[in-house]
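Novice: Have a look at this one before I ask anything.
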Amino acid sequence: MFDHFGLLAPVYEKFIKPSQPEQLISLLELPAGGRLLDVGGGTGRVSGFLSDLVDEVFIADLSPKMLAQSLNKGGLHPVCSHAEKLPFPEGFFERIIMIDTLHHVCSQQDTAAELWRVLKPGGRIIIEEPNIAHRGVKLIALLEKIALMRSHFLSPEQIQKLFQQFQDDIQIRHDSHISWIIIPK
Ligand SMILES: C[S@@+](CC[C@H](N)C(=O)[O-])C[C@H]1O[C@@H](n2cnc3c(N)ncnc32)[C@H](O)[C@@H]1O
């Protein structure tokens, strides 16, 4: 499988700027004890800001070159892995984030099941995705299709449904073009 993100890795954060994730921190109810997993966390662009707010941060990503960039940030544990088959035991993480990645994975069903499996009871998952109802996001989806990136965008309600086999109480939040799906366990 071609690693598109491996090509982008050296310049990724020049184009997709690291930004202080205040909204995410509040949704995650941080600081908290225990471990946080950033699934498809790439360069650690987002989880780099979270390492002082939990005991440990792991990044699971398919692209070794994206993960290599995360080493510059210090304090993150990069793990090369499919989101669909995570190399961690049940209930290992208190918090899980998946930022701008769910539309890239091969199986969204298997990914949802894995996130739920490795989440500790009492913990929470936050999925952040561009909202496909937004015109700019539709354009990005088209460009990713042209680049053969196998992107498959779900609406926030479809993501909610994906996790409803495990948990009924799932909240959705929006800003102009981003949605957050909040899944407690
Ligand atoms: C758009 S980037 C987002 C990176 C990071 N979450 C961020 O917001 O900066 C998508 C990431 O998902 C990773 N990825 C794609 N499919 C994956 C899969 N099946 N399992 C794990 N990671 C995957 C890519 O390697 C890439 O680093």
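No value in this document is a laboratory result; all are computed from the given coordinates. On a predicted model such as this, the values are computed, not experimentally measured, just so you know. Cβ atoms come from the backbone with ideal geometry, glycine included; neighbour counts cover every protein chain shown.
Novice: Which order, highest average first, do 77-83, 50-56 follow once you tally other Cβ atoms within 10 Å for each residue and take the mean per peptide?
Specialist: Descending packing order for the listed peptides: 77-83, 50-56.
Novice: Order 166-175, 107-116 from most to least packed using the mean count of other Cβ atoms within 10 Å.
Specialist: Ranking, from highest mean packing down: 107-116, 166-175.
Novice: Can you list the HN-Hα couplings for the range 39-55, worked out from phi with the Karplus curve (6.51, -1.76, 1.60; θ = phi - 60°), rounded to whole Hz and with x for Gly and Pro?
Specialist: For the range 39-55, the Karplus curve yields 8, x, x, x, 7, x, 3, 9, 5, x, 7, 9, 5, 7, 9, 9, 6 Hz.
Novice: Given a Förster distance of 25 angstrom, what is the FRET efficiency for Ser19 paired with Cys80, based on the Cβ-Cβ distance and rounded to 0.05?
Specialist: E(calc), rounded to 0.05, equals 0.45.
Novice: Put one equal scatterer on each alpha carbon of the range 1-65, apply the Debye formula with no solvent term, and list log10 I(q)/I(0) at q = 0.25 1/Å to two decimals.
Specialist: Log10 I(q)/I(0), no solvent term: -1.10.
Novice: Residue-wise, which Karplus ³J(HN,Hα) couplings in Hz belong to the range 75-88, taking 6.51 cos²θ - 1.76 cosθ + 1.60, θ = phi - 60°, and x for glycine or proline?
Specialist: x, 9, 9, x, 9, 7, 7, 6, 4, 6, 8, 7, x, 9
Novice: Give, to the nearest whole percent, the P(r) tail of the range 1-147 beyond 20 angstrom, counting all Cα pairs.
Specialist: Across the range 1-147, Cα pairs with separations above 20 Å total 46 percent.
Novice: Highest first, please rank the peptides 126-134, 6-14 by the mean number of other Cβ atoms sitting within 10 Å of their residues.
Specialist: Ranked from most to least packed, the peptides come out as 126-134, 6-14.
Novice: Can I ask one more? Which one of Phe49, Pro184, Gly6 is farthest out on the positive end of the charge dipole of the chain, using unit charges on Cβ (Lys, Arg +1; Asp, Glu -1) and the Cα centre as origin?
Specialist: Gly6
Novice: Amide H to amide H, which residues 5 or more places from Ser179 or on other chains are under 5 Å from it, using H placed in the peptide plane?
Specialist: Under 5 Å from the amide H of Ser179 lie the amide H atoms of Glu129, Asn131, each far enough along the sequence or on another chain.
Novice: What does a probe at Ala141 reach in the range 149-172, counting residues whose amide N is under 15 Å from the point 7 Å along Cα→Cβ?
Specialist: Inside the label zone: 149-160.
Novice: Considering only Cα-Cα distances, which of the following residue pairs are longer than 25 Å: Lys120/Lys161; Lys73/Lys161; Lys14/Lys73; Lys65/Lys145?
Specialist: Among Lys120/Lys161; Lys73/Lys161; Lys14/Lys73; Lys65/Lys145, the Cα-Cα distance tops 25 Å for Lys73/Lys161.
Novice: Please state the equivalent ellipsoid semi-axes for the range 139-185: what are the square roots of 5 times the Cα gyration tensor eigenvalues, largest first, in whole Å?
Specialist: Semi-axes (√(5λ), whole Å): 25, 13, 7.
Novice: What share of the DSSP beta bridges in the chain is antiparallel, in percent to the nearest 5?
Specialist: The antiparallel proportion sits near 35 percent.
Novice: Would you calculate, for the chain, the mean residue ellipticity at 222 nm contributed by helices, counting each DSSP H stretch of 4 or more residues as -39,500 (n - 2.57) and dividing by all residues, to the nearest 500?
Specialist: My calculation for the chain gives -8000 deg cm²/dmol from helical runs alone.
Novice: Can you give the relative contact order of the range 32-185 as a percent, counting alpha carbon pairs under 8 Å and 6+ residues apart?
Specialist: After rounding, I find 19 percent.
Novice: Along the Cα-to-C-beta direction of Asn72, a point sits 7 Å from the Cα; which residues of the range 5-33 have their amide N less than 16 Å from that point?
Specialist: Answer for the range 5-33: 6-19.
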